[in-house]
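Student: Dropping a structure here in structure tokens format, bear with me for questions.
The values are calculated or read from the model by the stated rules, or taken from the named source; none is laboratory data. Computed from a predicted model, the values in this text were never measured in an experiment. Counting neighbours? That spans all protein chains shown, and the Cβs are built from the backbone with ideal geometry, glycine included. When the accessible area is computed, the model is the full protein with side chains, heavy atoms only, and any ligands, DNA or RNA have been set aside. Shrake-Rupley method; radii C 1.70, N 1.55, O 1.52, S 1.80 Å.
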Amino acid sequence: MTNTLDKFFTFLFYRKGLAIFLLLSPLLIWLGVVYLGSLFTLLIQSFFSIDSFSGVIKREFTLESYYDLFRQSTNWDIIIRTTTMAFTVTVVSAIIAFPIAYYMAMYAGPKLKPVLYLGVMLPLWSSYLVKVYSWKLIMVKEGILTWCLEELGLMHLLDVILSLPVIGGTSLSFSYIGMFLVFVYIWLPYMILPIQASLERIPKSLLEASSDLGGGPAQTFRKVVLPLAFPGVVAGSIFTFSLTLGDYIIPTIIGNSSYFIGMAVYTHQGTAGNIPLAAAFSMIPIIIMMVYLMIAKRLGAFDAL
């Protein structure tokens, strides 16, 4: 038995391509059959329709589900609302994450850096639902945030923010602003880490060369650091944008009753039982992310991952 195993491993040692294939084959089968297969099934389902009288799915090729999707203005509102929120969360996350990542990569010492890594990673260790419900309790009218603002005499500022049209609400926990804050908090680590990794790759010799050539700190940052770190920003934006685009739990728990794409898909396939329309709705974020990934690839984002 041992002899046979030795011969087998020797055979693989001289055929590295075959060895790599055997090692990767379980993952490839998983991606090919389970993941890609489910996406293909979803695509096929979107070309079916549902009988309006009996509620039975008609398994005949038709574009009726896509017609129903795009002819209703409410669906367009859902798509625009979700995409706008994803874009806004991504931009603000990048603005907040860059200084943190910059300090971690450029200034933090060997003792402080692990502490900062722990601070960034620690929120990821707790339950997603626990974090969302914790934020809901913080932002309700009787929550700690309202109490702090009352003690500081800043309650009028919160009232002004909540009175803003579209983004305001009865309280932070029932407003787009509150939803936005929770999205930024939940996905911020996914933006910090790729930016920090891209900043770590910048050779210190380039910064020294810029200084030797007369470049000041601001000019060095603008001409050297930012262009080299930008692929990391785009890489982080892939996570924040896609995760916000497909999330349905935060819009369900935080915010008003306005629908997002994930909520619409959940409602159509669950409560309404209209699986073809839910599948057609599911293709929207997939198409948006395909376009987004093509742009990100051109900007060198995959090199920063």
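Student: In region 265-293, which residue that is at pLDDT 85 or above and not hydrophobic (A, V, I, L, M, F, W, C) is surrounded by the fewest Cβ atoms within 10 Å (Cβ to Cβ)?
Tutor: Tyr292
Student: Could you count how many residues in region 193-214 are more than 21 Å from Pro123 (Cβ to Cβ) and of a type in the set (Val, Ile, Thr)?
Tutor: Here the count works out to 1.
Student: Okay, next question. Scan region 189-238 for residues that are over 30 Å from Lys131 (Cβ atoms) and in contact (Cβ under 8 Å) with a residue 12 or more places away in the chain and jot them down.
Tutor: Arg201, Ile202, Leu206, Leu207, Ser210, Thr220, Lys223, Val224, Val225, Leu228 - these are the residues of region 189-238 that are over 30 Å from Lys131 (Cβ atoms) and in contact (Cβ under 8 Å) with a residue 12 or more places away in the chain.
Student: So for region 90-103 (the condition being in a loop (DSSP other than H, G, I, E, B) and open to solvent by less than 80 Å² (accessible area, probe 1.4 Å)), does at least one residue qualify?
Tutor: no
Student: May I ask you to verify whether Leu213 is under 27 Å from the mean Cα position of the chain (by Cα), farther than 18 Å from Val291 by Cβ, open to solvent by 60 Å² or more (accessible area, probe 1.4 Å) and among the aliphatic types (A, V, I, L, M)?
Tutor: The answer is no for Leu213.
Student: Among the helices (runs of 4 or more DSSP H) lying completely within region 206-305, list those that include at least 3 residues that are more than 25 Å from Phe70 (Cβ to Cβ).
Tutor: 217-220, 226-246, 249-253, 275-298
Student: Give me the pairs: first residue in region 67-95 and touching a residue at least 40 places away in the same chain (Cβ under 8 Å) and among the basic types (Lys, Arg), second residue surrounded by fewer than 17 Cβ atoms within 10 Å (Cβ to Cβ) and outside any helix (DSSP H, G or I), beta-carbon distance under 9 Å, and six or more apart or on different chains, which are they?
Tutor: Close Cβ pairs satisfying both conditions: Arg81/Ser258.
Student: If Pro227 satisfies every condition in (1) surrounded by fewer than 15 Cβ atoms within 10 Å (Cβ to Cβ); (2) touching a Gly at 6+ places or on another chain (Cβ under 8 Å); (3) farther than 30 Å from Leu39 by Cα but one, which is the exception?
Tutor: So the condition that Pro227 fails would be (2).
Student: Is there a residue being part of a helix (DSSP H, G or I) and either open to solvent by less than 10 Å² (accessible area, probe 1.4 Å) or closer than 19 Å to Val91 by Cα (or both) anywhere in region 168-176?
Tutor: For region 168-176, residues part of a helix (DSSP H, G or I) and either open to solvent by less than 10 Å² (accessible area, probe 1.4 Å) or closer than 19 Å to Val91 by Cα (or both): present.
Student: With the structure loaded, tell me whether Leu118 is assigned by the TED database to the domain that holds Arg201 and under 30 Å from Leu228 (Cβ atoms) or whether it fails that test.
Tutor: yes
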